[in-house]
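What follows is a set of notes on a single structure, which appears directly below.
The values are calculated or read from the model by the stated rules, or taken from the named source; none is laboratory data. Note that the structure is predicted; figures quoted are calculated from it, not measured. Methodologically, a virtual Cβ is constructed for each residue, glycine included, from the backbone with ideal geometry; neighbour enumeration extends over all protein chains shown.
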């Protein structure tokens, strides 16, 4: 996993089904416009004027609007459906840095059976089919 795969919203694109699938792979949020789904190019968070103005790479408490309404909605959906919090990811990045966050994510989202990458959007390893629990926080 690489820091370039961490989106401004705190999503680890390296564990997204769009990035992991075989066909029509998404290159990740930070890849520029090429190959990304239209909805990603139009993302309110990635195109946030406050984020661009601040020159920060990730949403953080340095922004007066953090967490904004859109980030709260995204966070709620991911916590409910996938056991992952974008806001907690962003707080971890702000507190401990991107290098430690990426290392933590690698441990958290690596299948214990085959060392493949676990997809956040599925309840099993896409490589070996090993079933995992919904919330796999360490």
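Restricting attention to the stretch 94-110 and to residues that are more than 14 Å from residue 13 (Cβ to Cβ) and modelled with pLDDT of 95 or more, the residue that is surrounded by the most Cβ atoms within 10 Å (Cβ to Cβ) turns out to be 94. For the stretch 19-53, taking the residues that are in contact with a helix residue (DSSP H, G or I) (Cβ under 8 Å, 6 or more places away or on another chain) and closer than 19 Å to residue 75 by Cβ, the one that is surrounded by the fewest Cβ atoms within 10 Å (Cβ to Cβ) is identified as 44.
Exactly one residue out of 115, 127 is in contact with a strand residue (DSSP E or B) (Cβ under 8 Å, 6 or more places away or on another chain) and either loosely packed, with under 14 Cβ neighbours inside 10 Å or part of a loop (DSSP other than H, G, I, E, B) (or both), and it is 127.
Of everything listed in (1) under 26 Å from residue 106 (Cα atoms); (2) modelled with pLDDT of 90 or more; (3) surrounded by fewer than 16 Cβ atoms within 10 Å (Cβ to Cβ), the single unmet condition for residue 6 is (3).
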